[in-house]
Amino acid sequence: MKSVTQLGIWMDHSIAYTMELLNDTIISNKLESTPAFPDQVENLRLDESLMHNKKQNQYADFYKKLSYIINDYDEVLLFGPTDAKSELFKLLKENHRFEKVKITVQSADMMSNNQQQAFVKDFFTPQ
């Protein structure tokens, strides 16, 4: 019998902490989004439409990287303080590759790494 692979992702628009649950142990990694505007002086010269498009492209690239990670798991918990988790969930649901992945979205405040890991363990541990 194949064991179920479980992944928790605490995320906002700029960073994601992936936490794989393996035999009651968490294996954690960090993924950072590439800033759309590395030079703040350049920001002042850009029009609002261009700034919006650059931000959207930044998020799309970030979500694409996360989707490659998520593809290897059976159950995924997306949680965090911003709408990033819901935006990623919507993109994943539109992609048929993720039909067999059980994805849950939950709101969560800012958390320390230990709190994130405890949240993931509590979520995936049967009561």
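Have a look at ILE70, TYR59, ALA84 and report the one farthest towards the positive end of the charge dipole of the stretch 6-124, computed about the Cα centre with Cβ charges (Lys/Arg +1, Asp/Glu -1).
ILE70
Quick one: which of LYS64/LYS121; LYS54/LYS121; LYS54/LYS100; LYS100/LYS121 span more than 29 angstrom between C-alpha atoms?
In this structure, LYS54/LYS121; LYS54/LYS100 lie more than 29 Å apart at Cα.
Pick from ILE27, ILE70, ILE103: which residue has the top mean-square fluctuation in a GNM of the chain where Cα pairs under 10 Å get a spring?
Among ILE27, ILE70, ILE103, the largest mean-square fluctuation in the Gaussian network model of the chain belongs to ILE27.
Calculate the FRET efficiency for ILE27 and ASP72 from the Cβ-Cβ distance with a Förster distance of 22 Å, rounded to the nearest 0.05.
0.95
Counting only DSSP beta bridges with both residues in the chain, tell me the antiparallel percent, nearest 5.
55 percent
Check which residues have an amide H placed less than 5 Å from ILE103's amide H, if you skip close sequence neighbours.
Here the answer is VAL76, since their amide H atoms fall under 5 Å of that of ILE103.
Rounded to the nearest 20 debye, what is the charge dipole size of the stretch 6-124 about its Cα centre when +1 sits on each Lys and Arg Cβ and -1 on each Asp and Glu Cβ?
220 debye
Place +1 on the Cβ of every Lys and Arg and -1 on the Cβ of every Asp and Glu in the stretch 4-126, take the dipole about the Cα centre, and give the residue among GLN115, VAL4, LEU21 whose Cα lies farthest towards its positive end.
Of the candidates, VAL4 comes out farthest on the positive side.
Every read-out reported here was derived from the displayed coordinates using simple, explicitly stated rules and does not represent laboratory data. These figures come from a predicted structure and were not determined experimentally. Heads up, the Cβs are rebuilt from the backbone with ideal geometry, glycines too, and the neighbour counts pull from every protein chain shown.
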